[in-house]
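Visitor: Let me give you the structure first, and then I'll get to my questions.
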Protein chains: 2
Amino acid sequence: MSDTLKNDLLLRALLREPTPRRPVWLMRQAGRYLPEYRATRTRAGGFLEMCTNPEIACEITLQPVDRFPLDAAILFSDILTIPHAMNLGLEFEAGEGPKFEFPVRTPADIDKLGVPDPGQELKYVTEAVSRVRRELAGRVPLIGFAGSPWTVATYMVEGGSSKTFGVIKRMMYESPRELHRLLELLAKATILYLNAQIEAGAQAVMLFDTWGGVLTPAQYEEFSLRHMAQVIDALTRQSGGRRVPNIVFTKGGGAWLGKIAAIGCDAVGVDWTTDLSDARKAVAGRVALQGNLDPSALFAPPDTLRRETLRVLDSYGPGPGHVFNLGHGITPDVDPERVALLVETVRGYQVPGG
Amino acid sequence: MSDTLKNDLLLRALLREPTPRRPVWLMRQAGRYLPEYRATRTRAGGFLEMCTNPEIACEITLQPVDRFPLDAAILFSDILTIPHAMNLGLEFEAGEGPKFEFPVRTPADIDKLGVPDPGQELKYVTEAVSRVRRELAGRVPLIGFAGSPWTVATYMVEGGSSKTFGVIKRMMYESPRELHRLLELLAKATILYLNAQIEAGAQAVMLFDTWGGVLTPAQYEEFSLRHMAQVIDALTRQSGGRRVPNIVFTKGGGAWLGKIAAIGCDAVGVDWTTDLSDARKAVAGRVALQGNLDPSALFAPPDTLRRETLRVLDSYGPGPGHVFNLGHGITPDVDPERVALLVETVRGYQVPGG
């Protein structure tokens, strides 16, 4: 990958280097709120079909970057690609969320799991990465990602989405060693997977810990953070002559930002329930911060949306190290015009103190 | 109500008075995990039928108090009794959660709402309270409760449960004044409702703010906390010659415990994602704390459950002002034997420093 990066604001902000303005991208920016996404989805036939087809995954990844002047592309994929590669019978039923035909609940179930080879079972992902890099031709950097071991494990053990996480929490209390065995396996798979994405051209990577926030503080450290630390520790740091920054995002992890910052990641994602000013105090300059507009603010009238966006920008305060984002993914019923306004507002913001 | 209270540990702990041991009760202690509850439910025909029948509501309220040596009874009821009394067509379909036939979404919808008279439309609740007090005959105090205005409004506006709260958040951004009008109305209704429960015999009252945690810090203060403060402010403080303590519980409100304590309530509920030692620092001795064992710990083997229970007790530290509880309601698949063990463990705990 030797194309020159024309816009490296994201990479610099993630490493807390000064930038002339704050970079912006949005979680789930390639999603159902875009009519072009819905058209592609109809053509492809389903969500998994889109993820596993590099040509389509590339097309969808580029849609928001073609439409809005965003500062990053994020690979269109899913956090469940790893268990999908473990042959657990993943399905996405319309409006139902993911379901696994073969949930992982016993020591024997864990014994059966292998660590997927990213060059084989997950080749569709690295192919999509290469293809996106080629198509982007250095316009903006490409972010790769994976689910955190804990978050991926919740789906594997529960057999899909959950409200109470009763099955995996029971495993946590009854067989903590077995659960750690599963999490270790997922950490290993995640390391190989993210490093393969980096090798294929991902210029930054992000760990999504969507369900770390359902744990007690002690459980969070033991069952989620520890295994994310293991992943962060083993990531490739340089590629194509540049540092590859990493981001850790625990939804509902507002109380633990300082602990997350201490694992050695470059940036920490913040959901909308914590003020960035407080988040910044908690991480004490150790990491960059990414976030954190309430995704529902995209339903607000234009003036309110602009005001809320500026409030988030102001709340970070002066100095480098802020990547503007939502506090969670865009929802399907958002008007793309509002996204355009949001991006324009961030781009027009005068950074106090660089 | 002139019966002498034989066990007033709860009331004393909620007012931060010393007690020989820490009181314990459990959110949703009268619930589906009890076979006697399931039997009554089958007989009654449904959830709403149980809530609205004082004789059955009384029977269910007493079930956990008869089975375990708990230090309080909590009225069997629901946080949606107020909108039910507003004739919004509430239904509970099996396994589906609550649904409103007539959601409240426009100014005209709000115009139509009246403040229910607790002596009329909610008479079944005050009758249940009187009946429970009579049957308890001073064994333990009875806790009355209501949902917070914000939390009740989420169900009314969304038309039921929600994952993203997109409809009410849209209203919050588009028509904040209308939403405040709805919340004011609910605050008024809640004041009348809780004071009627107190008059009928409730010896402590609790506000359940189950969904305050989905808001940003600024929104939480404006749309949830402010209206809870209004309720707390207007509650009857004395009844039957005793102070009637109140408890405010925002699930997911760990970052805002100090702000909650400042509204003038007597006690603050804490979910399992915050350590009680940190919670205690946050409230700085202004209020008692109630919580906060992870409800899933009830799935743990006995030794682990005992250890986790002791960990919560220890985490509060010495001195009065701790009411032991879960961090959220008991789930239906819990073994009652585990609840017995939990209660026994709390009762046997030697309080450091009273």
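Visitor: Give me a comma-separated list of calculated 3J(HN,Hα) values for the range A:77-82, in order, Karplus coefficients 6.51, -1.76, 1.60 applied at θ = phi - 60°, integers in Hz, x for any Gly or Pro.
Guide: Running phi through 6.51 cos²θ - 1.76 cosθ + 1.60 with θ = phi - 60° gives 6, 9, 6, 9, 4, 5 Hz.
Visitor: Put +1 on the Cβ of every Lys and Arg and -1 on every Asp and Glu Cβ in chain A; which of A:118, A:313, A:200 then has its Cα farthest towards the positive end of the dipole?
Guide: A:313
Visitor: Another question, if that's okay. Averaged over peptide B:75-83, how many Cβ atoms belonging to another chain are found within 10 Å of each residue's Cβ?
Guide: Per-residue shielding by partner chains comes out at 0.
Visitor: May I ask you to list the residues of the range B:329-349 whose amide nitrogen lies under 11 Å from a point 7 Å from Cα along the Cα→beta-carbon direction of residue B:66?
Guide: none
Visitor: Suppose a student asked you for the relative contact order of the range A:1-114, using Cα pairs under 8 Å spaced at least 6 residues apart; what percent would you report?
Guide: Across the range A:1-114, relative contact order equals 19 percent.
Visitor: Also, I was wondering about something else. Under the definition of Cα pairs under 8 Å and six or more residues apart, what whole-number percent is the relative contact order of the range B:233-354?
Guide: About 22 percent, as a whole number.
Visitor: With just the Cα atoms of the range B:9-347, tell me how far they stretch along each of the three principal axes, in Å, largest first.
Guide: Dimensions of the range B:9-347 along the principal axes of its Cα atoms: 55, 46, 42 Å.
Visitor: Given the peptides B:244-254, A:102-112, arrange them by the average over their residues of other C-beta atoms within 10 Å, most packed first.
Guide: B:244-254, A:102-112
Visitor: Have a look at the range A:211-354 and give its Rg and Dmax from the Cα atoms, expressed in angstrom.
Guide: Both quantities, over Cα of the range A:211-354: 16.0, 45 Å.
Visitor: Only four residue types carry charge here, +1 at the Cβ of Lys and Arg and -1 at the Cβ of Asp and Glu. Report the dipole size of the range B:284-347 about the Cα centre in Debye, rounded to the nearest 20.
Guide: I would put it at about 300 debye.
Visitor: Please turn the phi angles of the range B:90-100 into ³J(HN,Hα) values with the Karplus equation 6.51 cos²θ - 1.76 cosθ + 1.60 (θ = phi - 60°), one per residue in order, whole Hz, x for glycine and proline.
Guide: Going residue by residue, I get 6, 9, 10, 8, 3, x, 10, x, x, 9, 9 Hz, with x marking Gly and Pro.
Visitor: Still on this structure, I have one more. Cα centroids of the range B:200-230 and the range B:97-136: how far apart, whole angstrom?
Guide: Comparing the Cα centres of the range B:200-230 and the range B:97-136, I get a distance of 18 Å.
Visitor: Quick check: net charge around residue B:34, other residues with Cβ under 13 Å of its Cβ, Lys/Arg +1 and Asp/Glu -1?
Guide: Net charge in that neighbourhood comes out at 0.
Visitor: Putting +1 on Lys and Arg Cβ atoms and -1 on Asp and Glu Cβ atoms, find which of B:68, B:147, B:102 reaches farthest to the positive end of the dipole of the range B:65-162.
Guide: Comparing the listed Cα positions along the dipole, B:68 ranks first.
Visitor: Could you line up A:17, A:158 from fewest to most neighbouring Cβ atoms inside 10 Å?
Guide: Ordered by Cβ neighbours within 10 Å, fewest first: A:17, A:158.
Visitor: Which ³J(HN,Hα) values, rounded to whole Hz and listed in residue order, are derived for the range A:32-39 from phi using the Karplus coefficients 6.51, -1.76 and 1.60 in 6.51 cos²θ - 1.76 cosθ + 1.60 with θ = phi - 60°, glycine and proline given as x?
Guide: So the J values, rounded to whole Hz, are 5, 6, 8, x, 5, 5, 4, 5.
Visitor: While we're looking at this one, here's another question. Can you put B:188, B:6 in order of Cβ neighbours within 10 angstrom, beginning with the fewest?
Guide: Result, fewest neighbours first: B:6, B:188.
Visitor: If we hang a label 7 Å off Cα along the beta carbon direction at residue B:119, how far is it from the matching labels on the other copies, in nm, shortest first?
Guide: Shortest to longest, the spacings are 8.3 nm.
Visitor: Just subtract the alpha-carbon distance of residue B:4 and residue B:163 from 0.36 nm times their residue separation and send over the number in nm, one decimal.
Guide: This chain segment gains 52.7 nm when fully extended.
Visitor: Once amide H atoms are built 1.01 Å from N in the peptide plane, which residues 5 or more positions from residue A:243, or in another chain, come under 5 Å H to H?
Guide: none
Visitor: Restricting to DSSP H runs of at least four residues, report the calculated mean residue ellipticity at 222 nm for chain B, -39500 (n - 2.57) per run over all residues, nearest 500 deg cm²/dmol.
Guide: -12500 deg cm²/dmol
Visitor: Hey, got the dipole for the range A:258-302? About the Cα centre, +1 on K and R Cβ, -1 on D and E Cβ, debye to the nearest 20?
Guide: 220 debye
Visitor: Among B:296, A:239, B:315, what is the fewest-to-most ranking by other Cβ atoms within 10 Å?
Guide: A:239, B:315, B:296
Visitor: Distances in nm, one decimal, shortest first, from residue B:319 to the same residue in every other copy, taking the label point 7 angstrom along Cα→Cβ.
Guide: 3.4
Visitor: Under a 5 Å amide H to amide H cut-off, with H placed in plane at 1.01 Å, what residues pair with residue B:268 once short-range neighbours are removed?
Guide: Amide H neighbours of residue B:268: B:248, B:288, B:289, B:290.
Visitor: Right, next: What FRET efficiency would be calculated for the residue pair residue A:314, residue B:281, taking the C-beta separation as r and a Förster radius of 22 Å, to the nearest 0.05?
Guide: Efficiency for this residue pair is about 0.20.
Visitor: Compare the Cα positions of A:230, A:214, A:175 along the charge dipole of chain A (+1 at Cβ of Lys, Arg; -1 at Cβ of Asp, Glu; about the Cα centre) and return the one farthest towards the positive end.
Guide: A:230
Visitor: Give the shape of the range A:141-192 as rounded, prolate or oblate, defined through the alpha-carbon gyration tensor: a ≥ b ≥ c are the square roots of its eigenvalues, a/c under 1.5 means rounded, and otherwise the shape is prolate if a/b is larger than b/c and oblate if not.
Guide: It is oblate, given that a/c is not under 1.5 and a/b is not larger than b/c.
Visitor: List the residues, sorted by chain then number, that are 5 or more residues from residue B:145 or on another chain and whose placed amide H is less than 5 Å from its amide H.
Guide: B:206
Visitor: Further question: For the protein assembly as shown, just run the numbers: alpha carbon Rg, then divide by 2.2 N^0.38 Å, N being how many residues it has.
Guide: It is 0.98.
Visitor: Treating only the Cβ atoms of Lys and Arg (+1) and Asp and Glu (-1) as charged, compute the dipole magnitude of the range A:23-276 about its Cα centre; round to the nearest 20 debye.
Guide: 340 debye
Visitor: Quote the relative contact order of the range B:9-347 in percent (integer), defining contacts as alpha-carbon pairs under 8 Å separated by 6+ residues.
Guide: Across the range B:9-347, relative contact order equals 22 percent.
Throughout, read-outs are computed from the coordinates displayed, never taken from laboratory work. Here the structure is a predicted model, which means the values were calculated and not measured. Glycine gets a Cβ as well: all are built from the backbone with ideal geometry, and neighbour counts include every protein chain shown.
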